[in-house]
Amino acid sequence: MSPSSLDELIESLRCLPGVGPKSAQRMAYHLLQRNQKGASRLAAALAHALKVLQHCERCNTFSEERICQRCSNSHRDGSLLCVVEMPADLAMIEQTQAYNGLYYVLMGRLSPLDGVGPRELKLDKLIARATDGKVEEVVLATNFTNEGEATAHLVSELLHARGLKVSRLSRGVPVGGELEHTDSGTIAQALMERRAV
């Protein structure tokens, strides 16, 4: 027996990160009972995005064009290439307005337990992008998780072997943070990565 429309909607909502059965059920009931207009808009926006979005041929982020606007912007510094895990990470770096180079989005990170290795991340595409003759420095901005660190290490080795300069985001005490409220691992990393003033 096939699931009812309601059951199918609830099950479909469970594909979202952090959404379990109860949350999916609440969302489904809310959309159907209180916000049908919002549900229609969500369905149309999702269908449209699936139809028109593709991966930028240069940076691998989502784009409606073969080459995204950022990659085709001649005012950006093509000698710098920042490697991030996901488009959301790219967006956060852009919000700082402190970086004017280009990007490469891995669309994930190494995670052998989840079956994600170098082939799944298409690291060969990253290497081809980084060795195009224009890039002088690759900035690794993967997350500071075990998987992000492993990804940064592997990418660093692959790029060093090809003669590229590779740097990594530094870690430390957050701006405006107080030491007594900062975890000891972060403080230890800040001490190791201290710089002269």
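The values are calculated or read from the model by the stated rules, or taken from the named source; none is laboratory data. All values reported here derive from a predicted model rather than from experimental measurement. As a convention, Cβ positions derive from the backbone with ideal geometry for all residues, glycine included, and neighbour counts pool all protein chains shown. Accessible surface areas use protein heavy atoms only, side chains included; no ligands, DNA or RNA. Shrake-Rupley method; radii C 1.70, N 1.55, O 1.52, S 1.80 Å.
For every residue, the table says whether it meets (1) at pLDDT 95 or above; (2) surrounded by fewer than 17 Cβ atoms within 10 Å (Cβ to Cβ); (3) not in a helix (DSSP H, G or I).
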| residue | (1), (2), (3) |
| --- | --- |
| HIS75 | yes, yes, yes |
| LEU81 | yes, no, yes |
| LEU102 | yes, no, yes |
| ARG119 | no, yes, yes |
Anything in the range 181-193 that is open to solvent by 40 Å² or more (accessible area, probe 1.4 Å), outside any helix (DSSP H, G or I) and without any contact (Cβ under 8 Å) to a residue 12 or more places away in the chain? List them, or say none.
ASP183
Condition check for ARG162: closer than 20 Å to ILE127 by Cα and more than 24 Å from the chain's Cα centre (by Cα)
yes
Kindly establish whether SER156 is assigned to a loop (DSSP other than H, G, I, E, B), free of Cβ contacts under 8 Å to residues at least 24 places away in the same chain and either closer than 22 Å to GLY101 by Cα or open to solvent by 90 Å² or more (accessible area, probe 1.4 Å) (or both).
no
Residue list for the range 126-154, restricted to those being farther than 11 Å from VAL83 by Cβ and polar (S, T, N, Q)
THR131, ASN143, THR145, ASN146
Picked from the range 155-190 (must be modelled with pLDDT of 85 or more and basic (Lys, Arg)), the residue nearest to MET86 (Cα to Cα) is ARG168
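Each row is one residue, and each column tells you yes or no for (1) surrounded by 12 or more Cβ atoms within 10 Å (Cβ to Cβ); (2) hydrophobic (A, V, I, L, M, F, W, C).
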site	(1), (2)
GLU136	yes, no
ASN146	no, no
ALA150	yes, yes
LEU164	yes, yes
SER170	no, no
All positions within the range 134-148 that are under 15 Å from CYS59 (Cβ atoms) and among the small types (Gly, Ala, Ser)
ALA141
When you check SER111 against the structure, is it over 17 Å from LEU154 (Cα atoms), surrounded by 11 or more Cβ atoms within 10 Å (Cβ to Cβ), of a type outside the set (D, E, K, R) and touching a residue at least 12 places away in the same chain (Cβ under 8 Å), yes or no?
no
Criterion first (assigned to a helix (DSSP H, G or I) and touching a strand residue (DSSP E or B) at 6+ places or on another chain (Cβ under 6 Å)) does SER167 satisfy it?
no
Is it the case that ALA128 is farther than 24 Å from GLU193 by Cα, surrounded by fewer than 18 Cβ atoms within 10 Å (Cβ to Cβ) and of a type in the set (Gly, Ala, Ser)?
yes
Out of the residues in the range 28-56 that are more than 30 Å from LYS134 (Cα to Cα) and not in a helix (DSSP H, G or I), which is nearest to the chain's Cα centre (by Cα)?
ASN35
With (1) more than 15 Å from ARG168 (Cβ to Cβ); (2) in contact (Cβ under 8 Å) with a residue 60 or more places away in the chain; (3) over 14 Å from the mean Cα position of the chain (by Cα) as the list, and CYS59 as the residue in question, which single condition is left unmet?
(3)
